[in-house]
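Asker: First the structure, which I've put down as structure tokens, then a few questions once you've had a look.
The values are calculated or read from the model by the stated rules, or taken from the named source; none is laboratory data. Every value quoted in this text rests on a predicted model; they were computed, and no experiment measured them. Neighbour counts run over all protein chains shown; Cβ positions are idealised from the backbone, glycine included. Surface areas here come from the heavy atoms of the whole protein model, side chains and all, with no ligands, DNA or RNA. Shrake-Rupley method; radii C 1.70, N 1.55, O 1.52, S 1.80 Å.
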Amino acid sequence: MLQILINTLIYSGEIGIIAVGVALSYSVLRFANFAHIQFAVVGAYLAFTLNQFLHCPLVLAVILAAVLTGGIAVTVDALVFSRLRDVTPEGKMIVSWGVALLLRSTMGAIFGSSSRVFGLEPASLQIGDAFFTSLDVVVVVVAILAMILLHFLLYSTRLGTALRALASNADLAATRGIPARRMVSLMWFICGAYAAIGGSLFALESQLAPNMDLIILLPVFASVTLGGLSNVFGAALGALGLSLAQNLLIGVDFGSWFSANSWSVPTQFRDFIAVGAMVIILLLRPYLARRRRAV
Amino acid sequence: MRKSLLAACAVVLLSAGWGETGQAAEDAIPVGVIANLTGTDVQSSLDMVHGAQAAADKINASGGIKGDKIKVIVEDSEYRPAAGIEAATKLFDVNKVSAVLVFGGSSVTLPIAEMAQPAGKIVLNTSASSAKLGDYPGTLYSTLPLDDIVGAQLGDYVAKEGVHTAVFIVPNNTFGTGLMDKAAAAFTAHGGKVLKEIAYSEGQPDYRADLQAVQRLKPDAIIGAGYGDDTRTVFRAARELGINAPWYVAYPSIFAVEDPKWMEGRLMGLDNGGLDSPLAKTLSLQATKQYGAAPRPNYYYAYDAMTLLGLAIEKEGTTAADIKKGLPEAVKGYQGATGSIDWDARGQRINPPMDYFVFRNGALQPAPAP
Amino acid sequence: MIDFAVFSITIIAVWSVLAISLHLQFGLTGLVNFGQVLPFAVGAYGTAFAAAHGLPAWAGAGIGVTLAPLLGLLVILPASRLAQDYWALVTLGAGEIFRLTMLNVPVIAGGDEGTSVYRFQNADLAMVLALTLLLVTLLFARRVGASPLGRMLRVLREDEVLAATLGRNPFRLQRMVTAASWVMAAAAGVLYAHVTGYISPSSFTVLETFVIWTAVVLGGPSTITGVLLGTVIVQLTSVSTRFVAQWSGLPSDLVANLRLGAYGLVLILVFLYRPQGLIPERKLRYDADRL
């Protein structure tokens with residue numbers, strides 16, 4: 001059981017850092033940004049390049065990659081999304097898919113389609129009968145620190161107040177003299193940087209490939225939906241909930257409850273759980289919203 | 001007006017380009033290679049292309065086949081059936097090839113065989129291993145043994161090693177589950193007990209959740225199949241969970257070992273034999289020099305396929321009917337990079353030389369047969 | 001050369017039917033279906049299911065073409081309660097759920113390995129059938145577009161409330177459009193199955209949906225000529241990559257990546273500079289007296 005909780009923490013850390021960015025941009029700009037997933041992949045490739053080819057120390061490589069990806073995100077906004085203010089949310093979603101395709105194929109063209117690995121050898125650790133590695137600890141610690149930092153940025157700085165004002169009423173915020181343009185750019189920077197960190201952690205744990213976006217996409221969007229789409233910390237909790245559901249369903253031996261035979265949900269249903277949760281929550285959304293209003 | 005002029009120019013240029021590809025095929029023997037240059041498992045796919053090219057280069061360097069050079073035309077299958085069929089249609093129709101070498105899973109190779117059969121073309125399979133591939137006699141020939149043979153041998157091997165209970169861990173694809181089914185049948189036929197079958201989704205960052213059941217079930221051994229970087233992640237999960245059962249796998253050479261010290265003596269398996277032949281060693285050195293890394297087994301399967309095709313063309317001629325007649329003769333007495341090749345009436349490999357390996361001192365070492 | 005051209009035309013016709021289906025849903029009605037691959041997959045899998053279980057081909061076609069509109073009605077149900085972008089995510093999820101089910105439940109149609117189905121031995125016949133299907137859907141879509149129903153759908157696209165005040169039940173209209181256009185896409189799926197002769201889950205990913213979207217958005221979602229033009233351009237780009245790779249001598253994976261990148265760029269540029277697509281919708285004027 002302890003093992004299941006530890007697994008949950010690790011996976012939700014990786015997914016959560018990426019998911020908060022999707023929720024943040026959703027809350028301010030009101031559209032689901034598919035390109036965000038690709039920021040994670042681009043960030044991971046940048047970290048890989050800095051670390052393996054330019055021999056930066058790993059930590060520095062990830063930080064630099066985060067800053068660079070933040071810059072890329074700001075550029076993408078300046079070139080594309082800032083000029084699409086009057087387009088419907090669905091339209092922006094389609095464009096964001098176009099941006100994702102472009103970034104993905106650029107990565108594929110530069111680095112080739114084969115996968116790459118960082119080749120770390122983390123130390124093994126053990127608590128009770130639960131096992132994990134030093135890298136897992138780093139993932140969880142980084143995820144927690146990232147959440148604390150984000151909370152600080154959003155709730156204790158003027159940037160955060162401005163962003164939240166923009167999120168709740170963009171027109172009002174603009175008339176009250178909030179420099180919306182600059183704030184939105186800053187938001188894109190944060191999104192890009194967080195995605196890059198999440199993507200790097202993901203790649204450090206497994207491997208790096210241009211098509212890893214499709215593996216990240218479903219759990220991230222499921223987490224964001226679970227958290228209520230525009231709720232930044234809801235997305236983090238959503239990641240936690242989704243990860244727990246996946247690990248419980250796959251890891252718990254349901255067969256032993258009823259008989260001597262062991263049976264748990266076959267592991268290939270992992271993605272199924274993510275998509276299923278996403279669809280169910282979306283379908284229940286109108287009812288949940290109504291109840292909240294009634295209360 | 002200017003726009004339509006431009007469009008007309010583009011059409012003329014395009015058709016000129018097409019005409020050119022048609023003509024280039026005249027003075028050489030065109031051979032098609034279909035591989036997934038994008039999509040999944042690209043590295044093994046590229047190794048396969050290199051192997052085919054190496055064999056063609058060797059034939060061309062020694063003067064070609066009766067003076068004609070072999071021209072290799074590579075097409076992308078994107079690891080999708082539709083794109084594979086499109087590639088095959090183009091090769092058969094535009095480049096007028098009589099035979100194609102195919103890399104890709106069964107979901108790509110089977111549809112290509114399905115369309116090559118009525119078209120009277122030849123398919124040489126260098127990577128797919130579904131037992132269904134045996135249903136195309138006279139069309140599809142394999143230079144690697146299919147799952148039914150390797151799976152059965154794996155099951156036998158594990159049972160003979162004195163293993164009574166086992167858990168299967170394979171990737172959730174045709175290769176993984178196909179081998180698992182055949183190996184499990186052979187293993188249980190010897191009285192072995194399969195405690196659980198785990199088919200993991202590829203590309204995940206972590207497989208601890210998938211492997212947790214193994215920790216609980218405490219099997220004598222783990223029977224596995226897999227390839228590439230995912231296997232590294234799977235091994236890491238097993239090591240972290242403290243699962244110390246030995247691994248018996250098919251094709252250990254395509255596994256990525258994660259921690260050599262932990263793996264010491266723990267990874268065993270059977271692989272296609274013949275790779276310690278002088279020919280295979282020369283090829284390996286040559287490929288390492290050319291591409292910077294030792295090639296995966298698909299390199300040798302493709303090398304053998306292209307060489308056999310060359311022999312068949314030399315014996316009978318360049319049409320598909322000639323090749324169909326020539327291939328069974330070419331294979332007789334052929335000592336390839338993957339050993340001697342015996343085909344059954346369907347053109348599928350039987351009695352393949354199998355080598356047994358155990359992982360020791362950081363590399364796979366030959367082990368005695370059971 | 002001819003066989004390859006025939007094959008390419010067949011495939012382009014199949015994708016054109018999918019594009020017209022999306023034209024009815026998105027271009028006319030404004031439904032953002034990110035799961036357009038779902039009815040296509042259902043059609044193909046009806047055929048695959050029949051083949052895997054020894055049923056005749058017509059039964060497979062029947063299963064696909066009946067199941068698709070039923071699923072469509074199920075998927076459209078929440079659209080009345082959800083904002084369009086939420087509903088788009090629901091459709092995306094629905095498509096993936098279907099694909100994952102086919103992947104992980106091999107009893108239905110062979111799992112990851114897939115299933116062989118009957119393949120048209122005569123490529124010309126396949127092309128004629130595909131073009132016939134295209135013609136039928138085209139005429140149907142034109143008919144719908146020009147009818148009072150089509151006008152109502154455009155009203156619905158622009159303003160749901162207005163449509164309701166005109167005494168029409170917008171959701172009934174949406175249901176009708178969805179059922180009709182999903183039948184089209186399923187028929188395309190059935191045909192596609194018999195053209196390729198093989199069905200496996202890897203042919204029905206999210207990527208396929210966005211290839212259709214690229215074509216529709218590029219050509220102009222609100223006009224039939226537009227979506228057809230878009231599909232021809234996108235599919236010809238895809239086919240010509242093979243020749244470009246060979247002719248330019250660039251590595252094929254680089255060319256394939258450049259092609260995907262081009263799709264992405266097209267989506268962005270069209271939205272930035274030509275949001276109505278290459279062939280925009282003409283403003284329709286009606287003479288009130290004659291209505």
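Asker: Can you compute 3J(HN,Hα) from phi for each residue in the range A:99-113, using the Karplus curve 6.51 cos²θ - 1.76 cosθ + 1.60 with θ = phi - 60°, rounded to whole Hz and x for Gly and Pro?
Answerer: 4, 4, 4, 5, 5, 4, 6, 4, 4, x, 5, 6, 9, x, 7
Asker: With a ≥ b ≥ c the root eigenvalues of the C-alpha gyration tensor of the range C:2-203, is it rounded (a/c under 1.5), prolate (a/b larger than b/c) or oblate? Could the numbers behind the result be given before it?
Answerer: Working: a/c = 2.47, a/b = 1.51, b/c = 1.63.
Note, shape of the range C:2-203 comes out oblate.
Asker: Return the calculated 222 nm mean residue ellipticity for chain B, to the nearest 500 deg cm²/dmol, obtained by summing -39500 (n - 2.57) across DSSP H runs with n ≥ 4 and dividing by the residue count. Write down the numbers at each step before the final one.
Answerer: Numbers: 12 runs with 170 residues, N = 370.
So the helix-based figure for chain B works out to -15000 deg cm²/dmol.
Asker: Estimate the FRET efficiency between A:L159 and B:W262 by the formula 1/(1 + (r/R0)^6), using the beta-carbon distance for r and 60 Å for R0, to the nearest 0.05. Walk me through the intermediate numbers first.
Answerer: Details: r = 47 Å, r/R0 = 0.79.
Plugging the Cβ-Cβ distance into 1/(1 + (r/R0)^6) gives 0.80.
Asker: What do you get for Rg/Rh over chain B if you use C-alpha atoms and the Kirkwood form of Rh? Show your work: numbers first, answer last.
Answerer: Details: Rg = 22.1 Å, Rh = 21.6 Å.
Reported Rg/Rh (Cα atoms, Kirkwood Rh): 1.02.
Asker: Another question, then. Using the Cα centre of the range A:2-210 as the reference point, and only Cβ charges (+1 on K/R, -1 on D/E), how large is the resulting charge dipole? Debye, rounded to the nearest 20. Numbers along the way, then the final one.
Answerer: Details: 11 positive and 9 negative charges, 175 e Å.
My answer is approximately 840 debye.
Asker: Per the 1.4 Å probe, what fraction of the accessible area of chain B, in percent, lies on carbon and sulfur atoms? Provide the component values of the computation, followed by the final result.
Answerer: Values: 7320 of 13250 Å².
Taking all protein chains in place, chain B shows 55 percent carbon and sulfur surface.
Asker: Where does chain A land at 222 nm, in deg cm²/dmol rounded to the nearest 500, when only DSSP H runs of n ≥ 4 count, each adding -39500 (n - 2.57), divided by all residues?
Answerer: -24500 deg cm²/dmol
Asker: Need one value: the accessible area of B:I222 in square angstrom, 1.4 angstrom probe, rounded to the nearest 10.
Answerer: In the full protein context, B:I222 sits at about 0 Å².
Asker: Here's a follow-up. Taking the solvent-accessible surface of protein heavy atoms with a 1.4 Å probe, what is the per residue accessible area of the range B:260-370 in Å²?
Answerer: Values: 5050 Å² over 111 residues.
Using a 1.4 Å probe on heavy atoms only, each residue of the range B:260-370 averages 46 Å².
Asker: What is the helix-to-structure angle for C:37-52, meaning the angle in degrees between its Cα long axis and the longest Cα principal axis of chain C, kept from 0 to 90 and rounded to the nearest 10?
Answerer: Around 40 degrees separate the two axes.
Asker: Output the Cα-based Rg and Dmax of the protein assembly as shown in Å, rounding Rg to one decimal and Dmax to a whole number.
Answerer: In order Rg, Dmax, the Cα atoms of the protein assembly as shown give 28.2, 94 Å.
Asker: Further, regarding this structure: May I ask you to give the solvent-accessible area per residue for chain A, in square angstrom, as obtained with a 1.4 angstrom probe?
Answerer: On the way: 11900 Å² over 295 residues.
Accessible area per residue, chain A: 40 Å².
Asker: With every protein chain kept in the model, how would you rank A:C191, A:C56 by accessible area, 1.4 Å probe, largest at the top?
Answerer: Listed by decreasing accessible area, they come as A:C56, A:C191.
Asker: Oh, and also: For the pair A:L5/B:Q365, report the inter-label distance in nm, with labels modelled 7 Å from Cα in the Cβ direction.
Answerer: Here the answer is 4.4 nm between the modelled labels.
Asker: Additional query: How large is Rg over Rh for the range A:142-252, taking Rg from the Cα atoms and Rh as the Kirkwood inverse mean of 1/r across Cα pairs? Write down the numbers at each step before the final one.
Answerer: Details: Rg = 16.3 Å, Rh = 15.8 Å.
Value, to two decimals: 1.03.
Asker: How long is the gain from C:V105 to C:N122 if the chain were fully straight, where each residue apart is worth 0.36 nm and the alpha carbon distance is subtracted?
Answerer: Numbers: separation 17, 0.36 × 17 = 6.12 nm, distance 3.25 nm.
Taking C:V105 through C:N122 to full extension adds about 2.9 nm, to one decimal.
Asker: Also: Can you tell me which of C:G189, C:G220, C:G114 moves the most in a GNM of chain C? Springs connect C-alpha atoms under 10 Å apart.
Answerer: C:G114
Asker: In addition: Return the long-range amide H neighbours of B:Y200 (sequence gap of 5 or more, or a different chain), with a cut-off of under 5 Å between placed amide H atoms.
Answerer: Those qualifying (amide H under 5 Å, at least 5 residues apart or on another chain) are B:V170, B:N172.
Asker: Hey, got the average number of other protein chain Cβ atoms within 10 angstrom for residues in C:258-270? Please report the intermediate quantities before stating the final value.
Answerer: Working: counts 4, 2, 9, 10, 3, 5, 13, 5, 3, 9, 13, 3, 3.
Mean number of neighbouring Cβ atoms from other chains: 6.
Asker: Is there a simple number for the mean count of other chain Cβ atoms within 10 Å of the Cβ of residues in B:198-204, and what is it?
Answerer: Mean shielding by partner chains, rounded to a whole number: 6.
Asker: Before we go on, tell me the buried accessible area for the A/C pair, both chains summed, 1.4 Å probe, in Å² to the nearest 100. It would help to have the intermediate numbers written out before the result.
Answerer: Details: alone 15080 and 14720 Å², together 26200 Å².
Summed over both sides, the interface buries about 3600 Å².
Asker: Below 11 angstrom from the Cβ of C:V6, what's the summed charge of the other residues (Lys, Arg +1; Asp, Glu -1)?
Answerer: Details: positive: none; negative: B:D93, C:D3, C:D124.
After counting each charged neighbour, the total is -3.
Asker: Among the aspartates and glutamates, which have Cα under 12 Å from the Cα of A:K92 when same-chain residues fewer than 8 positions away are ignored?
Answerer: Answer for A:K92, where 12 Å is the Cα cut-off: A:D77, C:D85, listed by chain and number.
Asker: A further question follows. In the calculated pair distance distribution of the range A:2-210, what percentage of Cα-Cα distances lie above 22 Å?
Answerer: Numbers: 11084 of 21736 pairs.
Summing the P(r) of the range A:2-210 above 22 Å gives 51 percent of all pairs.
Asker: Can you give me the angle between helix B:81-93 and the longest principal axis of chain B, using Cα atoms only, in degrees from 0 to 90, rounded to the nearest 10?
Answerer: Between helix and principal axis, roughly 40 degrees.
Asker: In the range C:2-203, carbon and sulfur make up what percent of the accessible area (probe 1.4 Å)? Mind dumping the intermediate values first?
Answerer: Values: 4980 of 7160 Å².
Of all accessible area on the range C:2-203, carbon and sulfur atoms account for 70 percent.
Asker: Counting only protein chains, not ligands or nucleic acids, how are B:L275, B:L283 ordered by accessible area (probe 1.4 Å), most first? Don't jump to the answer; show the numbers that get you there.
Answerer: Values: B:L275 50, B:L283 10 Å².
Result, largest first: B:L275, B:L283.
Asker: Please enumerate, by chain and number, the aspartates and glutamates with C-alpha under 12 Å from the C-alpha of B:K325, excluding those fewer than 8 residues away in the same chain.
Answerer: Within the straight-line cut-off, B:K325 pairs with B:E314, B:E316.
Asker: While we're on this one: Once the other residues with Cβ under 15 Å from the Cβ of B:A184 are scored (Lys, Arg +1; Asp, Glu -1), what is the net sum? If you can, show how the numbers build up before the last one.
Answerer: Values: positive: B:K182, B:K193, B:K196; negative: B:D147, B:D148, B:D156, B:D181, B:E197, B:D220.
Once all neighbours under 15 Å are counted, the net charge is -3.
Asker: Taking only DSSP H segments of four or more residues, each worth -39500 (n - 2.57), what value at 222 nm results for chain C once the sum is divided by all its residues, to the nearest 500 deg cm²/dmol?
Answerer: On the way: 12 runs with 211 residues, N = 291.
Rounded to the nearest 500, it is -24500 deg cm²/dmol.
Asker: Can you list the lysines whose alpha carbon sits under 19 Å from that of B:K71, skipping same-chain ones fewer than 8 residues off?
Answerer: B:K58, B:K90, B:K96, B:K121, B:K315
Asker: Would you give the gap between the C-alpha center of the range A:30-72 and the C-alpha center of the range B:251-289, rounded to a whole Å?
Answerer: Going from one Cα centre to the other spans 34 Å.
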